[in-house]
Amino acid sequence: MKSFVFPEFQIIRDEEKCGQCRGCERQCAFGTHSYDPVADRLISDPYKCAGCQRCVIFCPKDAIEIKPTPSFYRPNASWSREKLEDLKKQAETGGVILTGCGNDKPFRIYWDHIVLNASQVTNPSIDPLREPMELRTFLGAKPDYMDIKMDNGEMEIDTRVGPNLMVETPILFSAMSYGAISYNAFRSLATAACKSGTFFNTGEGGLPKEMRGEFGRCAIVQVASGRFGIDAEYLNCAAAVEIKVGQGAKPGIGGHLPGEKVSPAVAATRMIPTGTDAISPAPHHDIYSIEDLSMLIYALKEATNYEKPISVKIAAVHNFAAIGSGIVRAGADIIAIDGLRGGTGAAPKAIRDNVGIPIELAISSLDRRLKNEGIRNRASIIAAGGIRCSADIIKAIALGADAVYIGSAALIAMGCNLCQKCYTGKCNWGICTQDPRLEGRLNVDIASQRLSNLIHAWSHEVSEMLGGMGINALESLRGNRDHLRGVGLYEWELDVLGIKGAGE
Amino acid sequence: MARAQFAESQAEKMSRSGERMDEVEIDATNLSTRELNDRLRDLMQAGVESVVLRNVCGQRYIGTRLYSPEHRKMKIEIFGTPGNDLAAFLFGHEIIVHGNAQDGVGNTMDAGEIVVEGRAGDVLGFSMRGGKIFIRDNVGYRTALHMKEYEEKRPVLVVGGTSQDFLGEYMAGGIVILLGLGGKVHKGNFMGTGMHGGVIYLRGSIEASQVGGQVEISPLDDNDREILERYVSEFMSRFPDLGLNKDQILKDEFVRLSPRSKRPYGKLYAY
């Protein structure tokens, strides 16, 4: 059937500069560029271009430009180009529109409407280069009170504190499974996490056996509805276990890794036959209630001898704060909440772009709810979905989060340009692919260095902003909304965020 | 008896007898789930290979906390009624229940064997990837959901009676056999919905309306008969008191449920 969709990008090649090295042809897994021997020049097929900019960046002569096409449908505020084209594709195939990465729609980004405080005159600010700043964070349940025992004038803490994760900086790598991302990308995250004193999350694709010894100590292993690659050894080699209930990019639905991506190595890690669809059902079929969730939380605590904190990850949706309260009461040590803008390797676009709530509002409501119920100490909150810079992190913490997960940000550090074609498995950057040729483009040493650099830079910026507020420990900022003010927000938004307007 | 005292007394007994203690009994009366599992773990680490639990009444996760890096194995005999999630994440141990079991038996089990001399509840063998489960009587809803297999790991579930709805939903591997003994008729609906691997054998017959759209109902071939012969024999050896006649059972009508495709959702998307 003739497709009525025209190309999204135009490819401009400067023939003067082009040295016909055919590098662009090799770089593009989508097959956009090819050499025409008759015309003796390189030609490009814009229909195939994903706009990932790989050829642009790797052209040794800077001869290529990829731009949005100037062709247009008659402008129509209701029928945007995206709406028209998605509809046409569905009319042509009868399929669900699939996409990758996070929600790209213009929902209000609250981070950009919140400003931070700084010290002036009445309390001195602190210079992090000169004075110690405490970013170290403990994630897990804290006791309601501490019993202290005096022994011959020596003070001892008599209360047994449950297992906690110690992170040197409140930035963790979000769940991205081996299978969705390449082995090199997965290993880069693990390497950087161990190096930077933080944790990576395996997602639901298991943890390759050869990585367990070296990287288990910095791994949060996931137990999701598909239960892939899970055995007692997987659970016990890790620092913590996370039950994945939902994901911000696709709340309420499961996922499936298409059989094409289930290579022998991915199959071995997930422990499923090569080439079969790896299907994660929408719910966990052993969890239909908070009581059932509690049963799985305690099954995992039993399976790990009560030595590891258990996290539960949910997507931020309506009424999720009440669910969060149930999760804490069910015995979770950590709640991870994933907001509307959370990324994914593949999600139906209708769901990605329309389901869930922004993370900023979610952090504040959950923190407030747990505080009001007097159970905030029983679980830590990790916020995910839309963290783009250090300022977002510090605002998240002031709104009540203990730490943040970064997913898209970590991928961008490794080379991702958010072309949203993750689900094709043809990632030219070697990140979201199982093709050995493409995967080899991602060098673990370089990618992990880029990730460590990012963590280092953001941590330092967080210290600078903290110091500017006259605070020397992140702990003192947690849930401290007095340090935030809103700009350009409605009254209800300020109420949900629990902050005052700027100038108040 | 406190945990430390218990472990100590066991250790003492062991040193007195000068040999490894092969079998230990625990009276589970008034023990909480955690206390009972503490003791089992201590015994495993002390090298005990066989434990008898008496008066078990609702304690959960029996067998779950028995992971050891050395992959120690234990045999646990249970008298009474164990609670939910019996043998969840089981890592190669052997469990025999002289009585009924509740929900979640063998949840995400990896290896080992469970024998229940009675019935089992819902969500039996959920996401099980290896090992064997033999249930003498009937089982509840959502049995063998998303059961998997990988290379030499091929889980087996044999049920003497029948199951309720949603048997083998999302099934991705493994072998499930329902024997329908005692004239039990298979009345479960939605069998094998979303199935994309593995095989289910039912003794007796079912209507096409009882299975999901991804399932093919077919008669047995020689390979199927071989599989059935092997596991029916194993089932009978676990329950000798039933006095079953294998040839009699095997000559009856069986049907096989298998997936139409390994990729049931392959054509769902517009790229």
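B:Gly106 - would you say it is at pLDDT 95 or above, under 21 Å from A:Ser280 (Cβ atoms) and crowded, with 24+ Cβ neighbours inside 10 Å? It is true that B:Gly106 is at pLDDT 95 or above, under 21 Å from A:Ser280 (Cβ atoms) and crowded, with 24+ Cβ neighbours inside 10 Å.
Can you pull out the residues in region B:44-66 that are farther than 19 Å from B:Pro155 by Cα and within 14 Å of chain A (Cβ to nearest Cβ)? Break it down into steps so the answer makes sense when it comes.
First, pick out the residues of region B:44-66 that are farther than 19 Å from B:Pro155 by Cα: B:44-62, B:65-66.
Listed by number, the residues that qualify are B:Met44, B:Gln45, B:Gly58, B:Gln59, B:Arg60, B:Tyr61, B:Ile62, B:Arg65, B:Leu66.
Have a look at A:Arg388, A:Arg441 and point out the one that is surrounded by fewer than 23 Cβ atoms within 10 Å (Cβ to Cβ), under 26 Å from A:Glu242 (Cα atoms) and modelled with pLDDT of 95 or more. If you could, list the steps in order and put the result at the bottom.
Details: A:Arg441 fails: under 26 Å from A:Glu242 (Cα atoms).
Just one listed residue meets the conditions, A:Arg388.
For region A:159-182, the set of residues classified as over 17 Å from A:Ser459 (Cα atoms) and either surrounded by fewer than 22 Cβ atoms within 10 Å (Cβ to Cβ) or not assigned by TED's automatic domain parsing to the domain that holds A:Leu235 (or both) consists of A:Thr159, A:Arg160, A:Val161, A:Gly162, A:Pro163, A:Asn164, listed by residue number.
With a cut-off of at least 3 residues that are farther than 30 Å from B:Glu169 by Cα and out of contact with any strand residue (DSSP E or B) (no Cβ under 8 Å at 6 or more places or on another chain), name the helices (runs of 4 or more DSSP H) lying wholly within region A:283-402. Break it down stepwise before answering.
Working: elements: A:290-303, A:320-329, A:349-352, A:359-372, A:390-399.
Result: A:320-329, A:359-372.
Can you find even one residue in region A:142-157 that is crowded, with 20+ Cβ neighbours inside 10 Å and assigned to a strand (DSSP E or B)?
Looking for residues that are crowded, with 20+ Cβ neighbours inside 10 Å and assigned to a strand (DSSP E or B), one finds none in region A:142-157, hence no.
Evaluate region A:284-295: report whether one residue or more is surrounded by 24 or more Cβ atoms within 10 Å (Cβ to Cβ), farther than 19 Å from A:Ala336 by Cα and within 7 Å of chain B (Cβ to nearest Cβ). Scanning region A:284-295 turns up at least one residue that is surrounded by 24 or more Cβ atoms within 10 Å (Cβ to Cβ), farther than 19 Å from A:Ala336 by Cα and within 7 Å of chain B (Cβ to nearest Cβ).
Does A:Ile220 qualify as being assigned to a strand (DSSP E or B), modelled with pLDDT of 95 or more and β-branched (Val, Ile, Thr)? Spell out the reasoning first.
Details: assigned to a strand (DSSP E or B): yes; modelled with pLDDT of 95 or more: yes; β-branched (Val, Ile, Thr): yes.
Criteria met by A:Ile220.
Flag: A:Asp277 does not match the condition of being crowded, with 24+ Cβ neighbours inside 10 Å, at the interface with chain B (Cβ under 8 Å from one of its Cβ atoms) and of a type outside the set (A, V, I, L, M, F, W, C).
A:Ile471 meets each of the listed conditions (1) free of Cβ contacts under 8 Å to residues at least 40 places away in the same chain; (2) out of contact with any Asp or Glu (no Cβ under 9 Å at 6 or more places or on another chain) apart from (1). Of everything listed in (1) away from chain B (no Cβ under 14 Å); (2) touching a strand residue (DSSP E or B) at 6+ places or on another chain (Cβ under 6 Å); (3) closer than 30 Å to B:Met195 by Cα, the single unmet condition for A:Ala224 is (1). Here A:Lys426 fulfils each of the conditions (1) farther than 21 Å from A:Ile171 by Cα; (2) surrounded by fewer than 20 Cβ atoms within 10 Å (Cβ to Cβ); (3) more than 14 Å from chain B (Cβ to nearest Cβ) apart from (3).
Conditions (1) aliphatic (A, V, I, L, M); (2) in the same structural domain as B:Ile114 (by TED's automatic domain parsing); (3) farther than 30 Å from A:Gly259 by Cβ, marked per residue:
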{"site": "B:Lys187", "(1), (2), (3)": "no, yes, yes"}
{"site": "B:Ser205", "(1), (2), (3)": "no, yes, yes"}
{"site": "B:Glu216", "(1), (2), (3)": "no, yes, no"}
{"site": "B:Glu226", "(1), (2), (3)": "no, yes, no"}
{"site": "B:Tyr231", "(1), (2), (3)": "no, yes, no"}
{"site": "B:Met236", "(1), (2), (3)": "yes, yes, yes"}
{"site": "B:Gly243", "(1), (2), (3)": "no, yes, yes"}
{"site": "B:Tyr265", "(1), (2), (3)": "no, no, no"}
{"site": "B:Leu268", "(1), (2), (3)": "yes, no, no"}
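Collect the residues in region A:98-135 that are within 23 Å of A:Ser408 (Cα to Cα) and without any contact (Cβ under 8 Å) to a residue 40 or more places away in the chain, keeping them in residue-number order.
Of everything in region A:98-135, those that are within 23 Å of A:Ser408 (Cα to Cα) and without any contact (Cβ under 8 Å) to a residue 40 or more places away in the chain turn out to be A:Pro106, A:Asp112.
Within region A:409-423, being surrounded by fewer than 23 Cβ atoms within 10 Å (Cβ to Cβ) and not in a loop (DSSP other than H, G, I, E, B) holds for A:Ile412, A:Ala413, A:Tyr423.
Out of B:Phe89, B:Phe79, I need the residue that is among the hydrophobic types (A, V, I, L, M, F, W, C) and within 27 Å of A:Gly213 (Cα to Cα). Which one?
Values: B:Phe79 fails: within 27 Å of A:Gly213 (Cα to Cα).
Sole residue among the options that is among the hydrophobic types (A, V, I, L, M, F, W, C) and within 27 Å of A:Gly213 (Cα to Cα): B:Phe89.
Just for region B:111-121: of the residues that are in a loop (DSSP other than H, G, I, E, B) and farther than 22 Å from A:Leu293 by Cβ, which one is nearest to the other protein chains (Cβ to nearest Cβ)?
Start the filter on region B:111-121 by keeping residues that are in a loop (DSSP other than H, G, I, E, B), which leaves B:117-121.
Now drop any that are not farther than 22 Å from A:Leu293 by Cβ, which leaves B:117-119.
Working: B:Glu117: 24, B:Gly118: 21, B:Arg119: 18 Å.
Among residues in region B:111-121 that are in a loop (DSSP other than H, G, I, E, B) and farther than 22 Å from A:Leu293 by Cβ, the one nearest to the other protein chains (Cβ to nearest Cβ) is B:Arg119.
Regarding A:Ser196, is this residue farther than 23 Å from A:Ser476 by Cα, surrounded by 14 or more Cβ atoms within 10 Å (Cβ to Cβ), out of contact with any Lys or Arg (no Cβ under 8 Å at 6 or more places or on another chain) and more than 14 Å from chain B (Cβ to nearest Cβ)? When the stated conditions are applied, A:Ser196 does not pass them.
Touching a helix residue (DSSP H, G or I) at 6+ places or on another chain (Cβ under 7 Å) and either more than 14 Å from chain A (Cβ to nearest Cβ) or under 29 Å from B:Glu151 (Cα atoms) (or both): which single residue out of B:Arg230, B:Arg263 fits that description? Outline the logic, then answer.
Details: B:Arg230 fails: touching a helix residue (DSSP H, G or I) at 6+ places or on another chain (Cβ under 7 Å).
None of the other options fit; the residue is B:Arg263.
Is it true that some residue in region A:270-280 is part of a strand (DSSP E or B), under 26 Å from the mean Cα position of the chain (by Cα), in the same structural domain as A:Ile337 (by TED's automatic domain parsing) and not aliphatic (A, V, I, L, M)? Yes; the residues of region A:270-280 include at least one that is part of a strand (DSSP E or B), under 26 Å from the mean Cα position of the chain (by Cα), in the same structural domain as A:Ile337 (by TED's automatic domain parsing) and not aliphatic (A, V, I, L, M).
Restricting attention to region B:237-259, and to residues there that are surrounded by 14 or more Cβ atoms within 10 Å (Cβ to Cβ) and over 21 Å from the mean Cα position of the chain (by Cα), which single residue is nearest to B:Gly160 (Cα to Cα)? The qualifying residue nearest to B:Gly160 (Cα to Cα) is B:Ile249.
Return the residue satisfying two criteria in turn: it lies in region A:23-80 and is aliphatic (A, V, I, L, M) and assigned to a loop (DSSP other than H, G, I, E, B), and of such residues it is surrounded by the most Cβ atoms within 10 Å (Cβ to Cβ).
Of region A:23-80, the ones aliphatic (A, V, I, L, M) are A:29, A:38-39, A:42-43, A:50, A:56-57, A:63-64, A:66, A:77.
Checking the rest, the ones that are also assigned to a loop (DSSP other than H, G, I, E, B) come to A:29, A:38-39, A:50, A:63, A:77.
Values: A:Ala29: 23, A:Val38: 5, A:Ala39: 8, A:Ala50: 21, A:Ala63: 21, A:Ala77: 5.
Looking at the filtered set, the residue picked out is A:Ala29.
Residue-by-condition table, conditions (1) in a strand (DSSP E or B); (2) within 11 Å of chain A (Cβ to nearest Cβ); (3) surrounded by 22 or more Cβ atoms within 10 Å (Cβ to Cβ):
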| site | (1), (2), (3) |
| --- | --- |
| B:Val123 | no, yes, yes |
| B:Ser127 | no, yes, yes |
| B:Tyr141 | no, yes, no |
| B:Ile217 | yes, no, no |
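Assuming B:Phe235 fulfils every condition listed in (1) more than 27 Å from B:Gly118 (Cβ to Cβ); (2) at pLDDT 95 or above apart from one, which condition is it? Among (1) more than 27 Å from B:Gly118 (Cβ to Cβ); (2) at pLDDT 95 or above, B:Phe235 violates only (1).
May I ask you to verify whether B:Gly99 is free of Cβ contacts under 8 Å to residues at least 60 places away in the same chain, over 26 Å from A:Phe228 (Cβ atoms), more than 9 Å from chain A (Cβ to nearest Cβ) and in contact with a Cys (Cβ under 7 Å, 6 or more places away or on another chain)? No; evaluated as a whole, the condition is false for this residue.
The values are calculated or read from the model by the stated rules, or taken from the named source; none is laboratory data. This one's a predicted model, so the numbers in the text were calculated from it and none came from an experiment. Backbone-built Cβ (ideal geometry, glycine too); neighbour counts: all protein chains shown.
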